[in-house]
Each structure stands twice: as structure tokens, then as C-alpha cells.
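Reviewing the structure listed below.
The values are calculated or read from the model by the stated rules, or taken from the named source; none is laboratory data. Just so it is clear, the model here is predicted, and its values are computed rather than measured. Don't worry about glycine lacking a Cβ; one is built from the backbone with ideal geometry, like all the others, and counts go over all protein chains shown. Quick note on the areas: whole protein, heavy atoms, side chains included, nothing else; ligands and nucleic acids left out. Shrake-Rupley method; radii C 1.70, N 1.55, O 1.52, S 1.80 Å.
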Amino acid sequence: MAKARQQGRQGNRPLSVTLLTWGVLLLGLANVWRAVALFRQSNLLLDLGVSLDPRLRMLVALTWALVFLSISLSIWRRWKVTRFLTPILLILYAAYQLGLVRFFSQTYKVNTNWQVDSGLHIAALIFTIWALNHKSARQYFD
């Protein structure tokens, strides 16, 4: 009986919610990857004298990884609060990413791509809001 109910839950999950769940999960895994890379390269980055301590960036990347992995799990489990929390967290993450590039980058080329980065973040935010709030998604979370 429980198995039939489990299959019923998976059967009526909208594709947009599934894609969003996978996207948020991949974003969390990317931050795990970033934290591992910063850990492995921290001695080199400290010797080079980078402007933002790589250990701090590693802790922030691990925090973002935990946040996005837990959000992907909560979307998968149909927690209603994730419909409102996910876009807010994506806005905060975009601000963090764009702030890193804007204030701690020393090359001109990186600083000129902020429009492209902003456009990608806005597109991801629009998709997220749509994926969590269209009719079948609202029915899925209710």
C-alpha cells in the first residue's frame, strides 16, 4: 500500500519541478566541488596573496552546498515553504556570486562579463518562479 502511494506521488510530479530539483541538487554539488578545490589549492592561493581568504570562501561554498542540497530534498518531499524560499535563496546566491566577481576580481575581462552572469541568474530565477508556481506545481505542493 505504501509502495502504491509512493508511485502515485512520483507519477504526478510535474517535469518542471523535477528539472528544478535536479538543478538545485547540481548547484549544491557544484559548491561541494568548489569547496574541495579551494581546500586543495588553499596553500597556493595563500602564497599568491589573493584578496579574499580561500578558507573563508571554502566555508561559504560548503554552506551554500548544504543549503542547496537541503532545498533540493525539501522540493522532492513537497514542503510548501520551498516554493517561496527557493527563489529568495537563488537571489542571495546570485548576489554573492556577482559580489565575488565585482569586488574581488582583479582582471578587466572578468569584470566586463557581469551582464552575462546577471542575465543567467535572472533567467534561472524566472524559471524557478515559474516551475514552482504554475498550476500543476501548485497542485503538487498542496
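A few notes on this one:
- Answer label for Rg/Rh (Cα atoms, Kirkwood Rh) (calculated), chosen among [x] 1.01; [y] 1.14; [z] 1.07: [z]
- Once the Cβ-Cβ distance of Trp22 and His134 is raised to the sixth power relative to R0 = 25 Å, the FRET efficiency obtained is 0.90.
- Heavy-atom accessible surface of the chain: percent carbon and sulfur, 1.4 Å: 67 percent
- Over segment 34-87: Kirkwood hydrodynamic radius from C-alpha pairwise inverse distances, Å: 12.7 Å
- Solvent-accessible heavy-atom area per residue, rounded to whole Å², over the chain at 1.4 Å: 67 Å²
- Positive-end residue of Leu52, Leu125, Asn31, charge dipole of segment 27-142 with Cβ unit charges: Leu125
- Once exposed loop trypsin sites (Lys or Arg not before Pro) are cut out (DSSP; at most 14 other Cβ, 10 Å), longest piece of the chain: 1-76
- Structure-based [θ]222 nm, the chain - -39500 (n - 2.57) summed over DSSP H runs of at least 4, per residue, nearest 500: -29000 deg cm²/dmol
- Per-pair calculated FRET efficiency, R0 = 25 Å: Ala30 and Asp53 via Cβ, rounded to 0.05: 0.75
- Only protein heavy atoms count here; under a 1.4 Å probe, Asp53 has an accessible surface of about 50 Å².
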